[in-house]
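Novice: Following this message is one structure expressed as structure tokens.
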Amino acid sequence: MVGFGAFYFCAKFPAVLPEVLLVEPWQYITQKGYEKKRAKLLANGNIPLVQGVDPSLQAENRVSGSSQATTTGVKQQKSRSTNSRDERFRSDVHTEAVQAALAKYKERKMPMPSKRRSVLVHSSVETYTPPDTSSASEDEGSLRRQGRITSTPFQSHSNVEPWLNRVIQGSSTSSSASSTSSHPGGKPAAASNTATVTAAATVLADLMAHTQLDNHSAPPDVTTGLVEHLHHERPQVASVRGVPRGYNSSILETADGVPVNSRVSSKIQQLLNTLKRPKRPPLKEFFVDDFEELLEVQQPDPNQPKPEGNQMNVLKGEPLGMVTNWPPSLLAALQRWGTTQPKAPCLTALDTTGKAIYTLTYGKLWSRSLKLAYTLLNKLTTKNEPLLKPGDRVALVFPNSDPVMFMVAFYGCLLAELIPVPIEVPLTRKDAGSQQIGFLLGSCGVTLALTTDACQKGLPKAQTGEVVTFKGWPRLMWFVIDGKHLAKPAKDWHPQVRDASAEIAYIEYKTSKEGSTVGITVSHASMLAHCHALTQACGYSEAETLTNVLDFKRDAGLWHGVLTSVMNRMHVISIPYALMKVNPLSWIQKVCSYKARVAVVKSRDMHWSLLAQRDQRDVSLSSLRMLLVADGANPWSISSCDAFLNVFQSRGLRPEVICPCASSSEALTVAIRRPPELGGPPPGKAVLSMNCLSFGVIRVDTEEKLSVLTVQDVGQIMPGANVCVVKVDGTPYLCKADEVGEICVNSGATGMAYFGLLGITKNVFEAIPVTAAGVPVSDQPFTRTGLLGFVGPDYLVFVVGKLDGLMTVSGRRHNADDVVATALAVEPMKFVYRGRIAVFSVTVLHDDRIVLVAEQRPDASEEDSFQWMSRVLQAVDSIHQVGVYCLALVPANTLPKAPLGGIHISETKQRFLEGALHPCNVLMCPHTCVTNLPKPRQKQPDVGPASMIVGNLVAGKRIAQASGRDVTQLEDNDQARKFLYLADVLQWRAQTTPDHPLFLLLNSKGTVASSASCIQLHKRAERVAVALLEKGRLNVGDHVALVYPPGVDLIATFYGCLYAGCIPITVRPPHPQNLATTLPTVKMIVEMSSEAEVLPCEGAEALAQTFPREAVAAPSLAVFKARLDTGAWSNLLQWKVSLPVAGGWDWMSFKVPSNTNNSVKFKQTRGSQFSCTCFIITLCNFWLFICWLEVFIFLFLPLPSVYSGHQSILVPPLELESNVSVWLSAVSQYKVRVTFCSYSVMEMCTKGLGTQTDILRMKGVNLSCVRTCMVVAEERPRITLTQSFSKLFKDLGLSARAVSTTFGCRVNVAICLQGTAGPDPTTVYVDMRALRHDRVRLVERGSPHSLPLMESGKILPGVKVIIAHTETKGPLGDSHLGEIWVSSPHNATGYYTVYGEEALHADHFTARLSFGDTQTIWARTGYLGFLRRTELTDASGERHDALYVVGSLDETLELRGMRYHPIDIETSVIRAHKSIAECAVFTWTNLLVVVVELEGSEQEALDLVALVTNVVLEEHYLIVGVVVIVDPGVIPINSRGEKQRMHLRDGFLADQLDPIYVAYNM
């Protein structure tokens, strides 16, 4: 469809079409009318002149001058009357329409993907690429003369890099090679109205920063199409700090002061600019407050065209003529010619040089076929029994270059009453579609394959020398049919030549749209009837010469070149595909030399011959009476036909010779255009509105629109056939006269069935068309052809597409070949190969999405390719009114090839879906294409807490509230409980049990590195206290930062601070190899908590050298020299703080949330410590083993050791990382009953020891002693990880019941803990869609969108939990998701911040319900969850209330009015491809950004873009804005295994990730 000819019908419409289809009066359909239409398309300078191209060439292809039109008018009318064609009727109008459509587009900047330099280098598989190999998307528009490049050169703006560098001041540290923000062209985005910017600043697209700085006007949610009902995202709006309103600089900083790199921000702004354009069709702004996410059902357009014609009738073809002496079967014809005309030539085979290497006569064909039939039936035996019997299927495996042996094998099988199954030669074990061919052979029961000696030698062999068994293939016996392997038939053996019957003659394979291969059975009667119909339609006569360029194993090449030719004793010249690649003119030369009367070709062959025709001047096509175009049903074949006639008409080719035909594998030949001498009507063309065609309605274009499709007729239906057009979907109702439908054929010359597939056979081969009233039109079944078309004037058949290429997008139908043609019409085409473009559709979110894949030339640059891709998107959008979901460019010669060189569409689609396409450029456009997203949610602000309670009571829902056992029920038989503070307990134990060991610290070898008894810990704590009070001159209540790694020193220092009355603050030491990122965290903690003393660990020279210099910049710190030098504490450094301090607390902990960049500190009282340790000891007695990976956060774990006097064994994180097995070995060695760990430890053991369980068992590791293994976490329980850990170490004696989870957070470090008593933790499955609406709906396991959640443990004694609404602060029912509020004696007392924000303090730690129990003081945990009463009972006999933690409130993403949890999206993305090692998501300017770690080759990076976009759409109904592919380890993860998503966001915006690829989805 690259170009199309005259926009007219050649004859008036008959009465079968309504008046709406009648064309303009005959006088309008003239050359002048055609020129007028072209002039309108090219008016107003839509297609500008191209520099460097001869204007005469452009003018030649434009509208001719008026004088020229005047002088040629008479001649054109005269030529039209004789049905001859003029050069100016060449079908290039579509190309001009595409160029005109592109010229109307305003050039806009689209963000070009960022790609690492190593990905830019793609070596092609082959260095030489043949000129445009054949495919289902062959191009005939490339026949235009050189110089027809009509694209507008993009104009680049002035370089702004120097000014940019001065502004950003070197903020970018990326080594990414892509330095351009997009392809040249486009205008910069306008600045926001919140600030006045300078003229120079407007050049930058990243002036979106001004919009971001205004906290009162969050960026619009362009992903939903909503304007009025925006839902602001708290983390993103609050993340920009320190910039007052009206700030007039163009620097955008994240919360930690990292400047946003202008390249990243400009591309995001360009993306936002493209998304602000309205979608087509626009979405309505409606909302529903329900957990059911209803997909947008595409509503029919009230203005869409509808068929208005009368219901069509069944079209009857001419009757089959009675031919005297017609053979009763095809074998009878072969026997007649083989015995009466033995020397008549049957087939001539050519080599790759075009030389005739062998001519098979009818006598040789008959005698060889007899030998083969005799050998197959009598000489092939297994266990003295014949291997084959009549009716068995036999595979024919012959190359395209050996038609002689194929004919012998085919007719030999027919004589032996065997069923031949022709297939392609499998060259490798990974051939495209080879596995599906194997499935077909297996279903057919094929055990024998016939081939030639040369072919058998070329097949891949096993080590035994036998042909390998290809993947999916049955075991085959290979038999070579060369003459020396055939036996001479016995004199008394004669095959029985039967009359044509309904038995199967042969099976022809077909590959469906989905890639599956089916076998179509053709009976002997159908084969004979088909030969009869072709003979009558084509006027074949005896001894005619036919040139066949097609594959002789199937379709028209088999029907004309092997079957019908034998029926009529014709001479076939077979042109091999290899010869066509070397010499595209070879078939024309053979037509000339052999005086061939008929040639069977495809549009591809005509196109190739035009490329090489200038080299040959002495060829003549005057002998041709029929040039059969086998793929004439393709809409774009008209271009090849017109161009071929235009060139070769001067060489004897008559216009009426070109005869397009339509066929399908099921119905065989459907229609053929007849020459006038055979009674054919004049040919017809139709210019149809593509918009109407997408709705299945035929309308002649009369409005001079660009989106038109020109089609030519494929002639009249076959003799003896009945044809009707039925609706594509559902019951086969007859279509109206002006309606496009599927063509159905009732004839004796069609296929019978799909072999072994009775279900789809009935639907396809036994269709009964019915009228609108439901009355069957015939008692005979019709066969569906898979062709989409209609019946035009003079009962000519028009085909506008195929079902295999049909793509139904939002209720509108589009043909893949039409989209290919539009892409080919986009100039310049020098960046991709013309014949290597594949278009198909994939189902994403319940609708078809168009994917376009093309092979990129090796010399094309990134900018050129991206420019062509963006222009293709615009062209398809303008011409077809549909968006391309994905456009991918792959390296040359990497798309899977069909047997004859075309692109294997289904295999390409399969690779795309599996992530195995390996593109070098990809452009996703989900924002444009996906218009059926679920309805956005609007929260109801009028629903208060009282209404919710009433609603829950009416619905029978209980209020979500639970509590642990009463504290008064605890036994008071421990001496330690007489003390109020832990410091008193340690002093008491140092006196009563001084030598009792409390702590053991292990190294990576499992040996004790250090230990501490009661007296040792007490003495060390006293020394620290003395040093703080005397040397440090600290007062009671001063803050002390403990910069220590996990170990005994930290514990001793902690108790020393308690002894001195100071407030200890645990701080992780900065990493000596990563001071740039870890030191600012330490500095921020010191600043916020106003430490008066910093106690660093041994070997902290880097801290001592670096931190003071950093501290100078902090106005709150005064630097003093270190002056403490007492014994082991010689390294103590001291900084005095000038800020006021506060007292009354025992210790403080800090946290840097993963979703923000602000560190917060929590105050812990002595009483809360005491009660917390008391409750833990109640549940976990005996030994306590701690895997101490996060001692700063879970410092409460060592506290019970001092309280209860049991021994704790500690493993530092660095030691565990160097030897993962040290934890399990120590558990086994010390017979530990209770052990604590984190998810990161569990993950290290699962990955590092997964294959070493046998080795650990041999070393004597036994985990049967473990009663409880608790995972301490501040997150949703990781069910998959805990289950994998349990199963993996089950062989080492670990009980599946032992592994459990706990839950605690800053406001209360111990809320839930499984313990040794009580029921097993329960797991429920909830609807993920309901969770997005803050609802809890339980579903069955395995249900769609189900999410497994495991309870976080038993609620500790003295702890009360309630689920409250995050905004109204009212209590919720157990069917709602809300924030977990906790009330207990060991709650933290509040935040400590430098500025003392009391409002924040009161809101989080002294919260009260707004309705119901308004007296109880609660602490808000900041985590979302729900309570469910289970059927299990606890130790007291009461029903167990289970607490389920869903996720952190601060980490949730507010998109489309719904609440998403990042872990759910990340889990889906990780499942999308095996090479995805880790994933993290965040939002920026309301765009969802997905960062993926690639664990594999960088060539797989671009495969992940489409997979990530697809899976997020399918499972979460969200459109991904940006996909970032990075190396493993880039996503920051803290020691607790939590992803630091906002640190990752800052690194991305500052262009510091060094990504492999960054894709900006349009």
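The values are calculated or read from the model by the stated rules, or taken from the named source; none is laboratory data. The structure displayed is predicted, hence computed values, not measured ones. Because the Cβ atoms are built from the backbone with ideal geometry, glycine has one as well, and the counts that use them run over all protein chains shown. Protein only, heavy atoms only, side chains kept; ligands, DNA and RNA dropped before computing areas. Shrake-Rupley method; radii C 1.70, N 1.55, O 1.52, S 1.80 Å.
Novice: Free of Cβ contacts under 8 Å to residues at least 60 places away in the same chain and among the polar types (S, T, N, Q): is that true of residue 623 in this structure?
Specialist: Values: free of Cβ contacts under 8 Å to residues at least 60 places away in the same chain: yes; among the polar types (S, T, N, Q): yes.
The answer is yes for residue 623.
Novice: Here's something else I'd like to know. Give the residues of the stretch 843-898 that are closer than 17 Å to residue 817 by Cβ, assigned to a strand (DSSP E or B) and open to solvent by 10 Å² or more (accessible area, probe 1.4 Å), sorted by residue number.
Specialist: 848 - this is the single residue of the stretch 843-898 that is closer than 17 Å to residue 817 by Cβ, assigned to a strand (DSSP E or B) and open to solvent by 10 Å² or more (accessible area, probe 1.4 Å).
Novice: Counting only residues that are in contact with a Ser or Thr (Cβ under 6 Å, 6 or more places away or on another chain) and at pLDDT below 90, how many does the stretch 434-450 have?
Specialist: Step one: of the stretch 434-450, the residues in contact with a Ser or Thr (Cβ under 6 Å, 6 or more places away or on another chain) are 436-437, 440.
Applying the additional criterion that residues be at pLDDT below 90 yields 436-437.
Qualifying residue count for the region: 2.
Novice: Which residues, counting only those in the stretch 608-623, are in contact with a helix residue (DSSP H, G or I) (Cβ under 9 Å, 6 or more places away or on another chain) and either polar (S, T, N, Q) or surrounded by fewer than 24 Cβ atoms within 10 Å (Cβ to Cβ) (or both)? Even if it seems obvious, please write down each step before you answer.
Specialist: Here is the first cut: in the stretch 608-623, the ones in contact with a helix residue (DSSP H, G or I) (Cβ under 9 Å, 6 or more places away or on another chain) are 608-611, 613, 616-623.
Correct list: 609, 610, 611, 613, 616, 617, 618, 619, 620, 621, 622, 623.
Novice: Report, ordered by the first and then the second residue, all pairs with beta carbons closer than 9 Å, sequence separation of six or more or different chains, a first member in the stretch 1460-1476 that is without any contact (Cβ under 8 Å) to a residue 12 or more places away in the chain, and a second member that is acidic (Asp, Glu) and not in a loop (DSSP other than H, G, I, E, B).
Specialist: 1470/1478
Novice: Tell me yes or no: at least one residue of the stretch 903-913 is under 16 Å from residue 832 (Cα atoms) and open to solvent by less than 30 Å² (accessible area, probe 1.4 Å).
Specialist: Scanning the stretch 903-913 turns up at least one residue that is under 16 Å from residue 832 (Cα atoms) and open to solvent by less than 30 Å² (accessible area, probe 1.4 Å).
Novice: In this structure, does residue 1030 turn out to be under 25 Å from residue 1201 (Cβ atoms), modelled with pLDDT of 80 or more and surrounded by fewer than 24 Cβ atoms within 10 Å (Cβ to Cβ)? Don't jump to the end; show me each part of the working.
Specialist: Details: under 25 Å from residue 1201 (Cβ atoms): no; modelled with pLDDT of 80 or more: yes; surrounded by fewer than 24 Cβ atoms within 10 Å (Cβ to Cβ): yes.
So residue 1030 fails the test.
Novice: Within the stretch 650-659, track down each residue that is within 49 Å of the chain's Cα centre (by Cα) and open to solvent by 10 Å² or more (accessible area, probe 1.4 Å). Walk me through it before giving the result.
Specialist: Initial filter on the stretch 650-659 (within 49 Å of the chain's Cα centre (by Cα)): 655-659.
Answer for the stretch 650-659, where residues must be within 49 Å of the chain's Cα centre (by Cα) and open to solvent by 10 Å² or more (accessible area, probe 1.4 Å): 655, 656.
Novice: Further, regarding this structure: Say we look at the stretch 1384-1395 and pick out the residues that are open to solvent by less than 40 Å² (accessible area, probe 1.4 Å) and in a loop (DSSP other than H, G, I, E, B); which of these is modelled with the highest pLDDT?
Specialist: Once the filter is applied, the top-ranked residue is 1384.
Novice: Something else now. For residue 1310, state whether it is among the small types (Gly, Ala, Ser), closer than 29 Å to residue 1226 by Cβ and not in a strand (DSSP E or B). I'd like the intermediate steps shown before the answer.
Specialist: Numbers: among the small types (Gly, Ala, Ser): yes; closer than 29 Å to residue 1226 by Cβ: yes; not in a strand (DSSP E or B): yes.
Against the criterion (among the small types (Gly, Ala, Ser), closer than 29 Å to residue 1226 by Cβ and not in a strand (DSSP E or B)), residue 1310 qualifies.
Novice: Does residue 710 count as within 30 Å of residue 874 (Cα to Cα), touching a strand residue (DSSP E or B) at 6+ places or on another chain (Cβ under 9 Å) and open to solvent by 10 Å² or more (accessible area, probe 1.4 Å)?
Specialist: So residue 710 fails the test.
Novice: With (1) within 29 Å of residue 445 (Cβ to Cβ); (2) within 47 Å of the chain's Cα centre (by Cα); (3) open to solvent by less than 10 Å² (accessible area, probe 1.4 Å) as the list, and residue 524 as the residue in question, which single condition is left unmet?
Specialist: Of (1) within 29 Å of residue 445 (Cβ to Cβ); (2) within 47 Å of the chain's Cα centre (by Cα); (3) open to solvent by less than 10 Å² (accessible area, probe 1.4 Å), only one is false for residue 524: (3).
Novice: Give the residues of the stretch 411-467 that are among the basic types (Lys, Arg) and over 30 Å from the mean Cα position of the chain (by Cα), sorted by residue number. Steps first, please.
Specialist: Restricting attention to the stretch 411-467, the residues satisfying the condition of being among the basic types (Lys, Arg) are 429-430, 457, 461.
Within the stretch 411-467, 457, 461 meet the criteria.
Novice: At pLDDT below 70 and part of a loop (DSSP other than H, G, I, E, B): does that describe residue 308? Full working, then the answer.
Specialist: Values: at pLDDT below 70: no; part of a loop (DSSP other than H, G, I, E, B): yes.
Taking the combined requirement at face value, the residue does not satisfy it.
Novice: Please determine whether any residue of the stretch 1188-1210 is within 27 Å of residue 1258 (Cβ to Cβ) and either of a type in the set (Asp, Glu) or at pLDDT below 75 (or both).
Specialist: Within the stretch 1188-1210, not a single residue is within 27 Å of residue 1258 (Cβ to Cβ) and either of a type in the set (Asp, Glu) or at pLDDT below 75 (or both).
Novice: For the condition charged (D, E, K, R), over 25 Å from residue 1013 (Cα atoms), open to solvent by 10 Å² or more (accessible area, probe 1.4 Å) and modelled with pLDDT of 80 or more, what is the one hit in 1038, 1049? Let's see the steps before the verdict.
Specialist: On the way: 1049 fails: over 25 Å from residue 1013 (Cα atoms).
Exactly one residue qualifies, and that residue is 1038.
Novice: Same structure, new question: Being open to solvent by 10 Å² or more (accessible area, probe 1.4 Å) and in a strand (DSSP E or B) is the filter here, so list the residues in the stretch 1352-1370 that pass it. Outline the logic, then answer.
Specialist: Filtering the stretch 1352-1370 down to residues open to solvent by 10 Å² or more (accessible area, probe 1.4 Å) leaves 1354-1355, 1358, 1360, 1365-1369.
Hits for the stretch 1352-1370 are 1355, 1360.
Novice: Of everything in the stretch 1413-1427, what is open to solvent by 50 Å² or more (accessible area, probe 1.4 Å) and either within 14 Å of residue 1363 (Cβ to Cβ) or part of a strand (DSSP E or B) (or both)? Give them in sequence order.
Specialist: 1413
Novice: Further question on the same structure: Any idea which of (1) open to solvent by less than 10 Å² (accessible area, probe 1.4 Å); (2) over 28 Å from residue 1458 (Cα atoms); (3) among the hydroxyl-bearing types (Ser, Thr, Tyr) is the one residue 1497 doesn't satisfy?
Specialist: Of the numbered conditions (1) open to solvent by less than 10 Å² (accessible area, probe 1.4 Å); (2) over 28 Å from residue 1458 (Cα atoms); (3) among the hydroxyl-bearing types (Ser, Thr, Tyr), the odd one out for residue 1497 is (1).
Novice: Here are some conditions: (1) buried (at least 22 other Cβ atoms within 10 Å of the Cβ); (2) at pLDDT 90 or above; (3) out of contact with any Pro (no Cβ under 6 Å at 6 or more places or on another chain). Residue 1514 meets all but one. Which one does it not meet?
Specialist: (1)
Novice: So, one more: Checking residue 673 against (1) in contact with an Asp or Glu (Cβ under 8 Å, 6 or more places away or on another chain); (2) surrounded by fewer than 23 Cβ atoms within 10 Å (Cβ to Cβ), only one condition comes out false. Which one?
Specialist: Status for residue 673: all satisfied but (2).
Novice: Additional query: For the stretch 1292-1351, give me each residue that is of a type in the set (Val, Ile, Thr), within 29 Å of residue 1457 (Cβ to Cβ), in contact with a Leu (Cβ under 7 Å, 6 or more places away or on another chain) and open to solvent by less than 10 Å² (accessible area, probe 1.4 Å). Give the derivation first.
Specialist: First, pick out the residues of the stretch 1292-1351 that are of a type in the set (Val, Ile, Thr): 1299, 1301-1302, 1307, 1309, 1311, 1316, 1322-1324, 1326, 1336, 1339.
Checking which are within 29 Å of residue 1457 (Cβ to Cβ) leaves us with 1307, 1324, 1326, 1336, 1339.
Cutting the leftovers down to in contact with a Leu (Cβ under 7 Å, 6 or more places away or on another chain) gives us 1324, 1326, 1336.
The one that is of a type in the set (Val, Ile, Thr), within 29 Å of residue 1457 (Cβ to Cβ), in contact with a Leu (Cβ under 7 Å, 6 or more places away or on another chain) and open to solvent by less than 10 Å² (accessible area, probe 1.4 Å): 1326.
Novice: Taking the condition touching a His at 6+ places or on another chain (Cβ under 8 Å) and in a helix (DSSP H, G or I), does residue 593 pass?
Specialist: Numbers: touching a His at 6+ places or on another chain (Cβ under 8 Å): no; in a helix (DSSP H, G or I): yes.
Spelling it out, it is not the case that residue 593 is touching a His at 6+ places or on another chain (Cβ under 8 Å) and in a helix (DSSP H, G or I).
Novice: How many of the residues in the stretch 592-607 are open to solvent by 10 Å² or more (accessible area, probe 1.4 Å) and of a type in the set (A, V, I, L, M)? So that I can check it myself, show each step before the final result.
Specialist: Step one: filter the stretch 592-607 for residues open to solvent by 10 Å² or more (accessible area, probe 1.4 Å), giving 592-595, 597, 602, 604.
Then drop every residue that is not of a type in the set (A, V, I, L, M), which leaves none.
Residues meeting the conditions: 0.
Novice: For the stretch 534-565, what are the residues that are in a helix (DSSP H, G or I), touching a Leu at 6+ places or on another chain (Cβ under 8 Å) and more than 29 Å from residue 352 (Cβ to Cβ)? Full working, then the answer.
Specialist: Narrowing the stretch 534-565 to residues in a helix (DSSP H, G or I): 534-538, 555-565.
Then keep just the ones that are touching a Leu at 6+ places or on another chain (Cβ under 8 Å); that gives 536-538, 556-557, 559-561, 563-565.
Residues satisfying the conditions are 536, 537, 538.
Novice: Examine the stretch 719-738 for a residue that is closer than 30 Å to residue 96 by Cα, in contact (Cβ under 8 Å) with a residue 40 or more places away in the chain and open to solvent by less than 30 Å² (accessible area, probe 1.4 Å), and state whether such a residue exists.
Specialist: Of the residues in the stretch 719-738, the ones closer than 30 Å to residue 96 by Cα are 738.
Checking the rest, the ones that are also in contact (Cβ under 8 Å) with a residue 40 or more places away in the chain come to 738.
Narrowing the set further to residues that are open to solvent by less than 30 Å² (accessible area, probe 1.4 Å) leaves 738.
So far as the stretch 719-738 goes, yes, one or more of its residues are closer than 30 Å to residue 96 by Cα, in contact (Cβ under 8 Å) with a residue 40 or more places away in the chain and open to solvent by less than 30 Å² (accessible area, probe 1.4 Å).
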